[in-house]
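To start, the structure under review is shown below, and the notes come after it.
The values are calculated or read from the model by the stated rules, or taken from the named source; none is laboratory data. Keep in mind that what you see is a predicted model, and the values were worked out from it rather than measured. Cβ atoms come from the backbone with ideal geometry, glycine included; neighbour counts cover every protein chain shown.
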Amino acid sequence: MSTTTITPTARKPRIDALLVTAEHAAEMCSVSLRTWRSWLSGGRVPHPVCIGRTLRWRRDELNAWIAAGCPPRAKRNSAQTLD
C-alpha cells in the first residue's frame, strides 16, 4: 500500500488583488521582507492601508511608486504639493 504525502504550499496572493501584503510588496520590489520593513520604518514606502491590525498596500500605488523610481515618502509628498 503506498501512501501519498501532501505538503502544504504557501498561498500566493491573487494577481489581480487590489491590496497586497508586506511579503508580496517586497516580492514586487525584489527585496527581502526584512528590507521592506526597514524601508517602511524609514518612511521610504507608500503609506499602508490599515485593516484592523494588519497592513496592506494598494497595488496601483506600489506600481506607480516603482515606476517613479521608488522615491522616499517625503519627496513624493513635496512633489505632489507642487503640482
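Here is a yes/no grid of residues against (1) in contact (Cβ under 8 Å) with a residue 60 or more places away in the chain; (2) more than 12 Å from the chain's Cα centre (by Cα); (3) surrounded by fewer than 16 Cβ atoms within 10 Å (Cβ to Cβ):
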position	(1), (2), (3)
Asp16	no, yes, yes
Val20	no, no, no
Glu23	no, no, yes
Ala26	no, no, no
Ser30	no, no, yes
Trp39	no, no, no
Ile51	no, yes, yes
Trp57	no, no, no
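Taking segment 61-75 as the region of interest, how many residues are outside any loop (DSSP other than H, G, I, E, B) and either touching a residue at least 40 places away in the same chain (Cβ under 8 Å) or small (Gly, Ala, Ser) (or both)? Give the derivation first.
Step one: of segment 61-75, the residues outside any loop (DSSP other than H, G, I, E, B) are 61-67, 73-75.
With either touching a residue at least 40 places away in the same chain (Cβ under 8 Å) or small (Gly, Ala, Ser) (or both) added as a condition, the list becomes 62, 64, 67, 74.
Of the residues in that region, 4 qualify.
Pick from segment 59-83 the residues that are farther than 21 Å from Met28 by Cβ and aliphatic (A, V, I, L, M): which of them is modelled with the highest pLDDT? Break it down stepwise before answering.
Keep residues of segment 59-83 that are farther than 21 Å from Met28 by Cβ, which gives 74, 77-83.
From the residues that got through so far, the ones that are aliphatic (A, V, I, L, M) too are 74, 79, 82.
Values: Ala74: 75, Ala79: 57, Leu82: 50.
Only one residue tops the list, namely Ala74.
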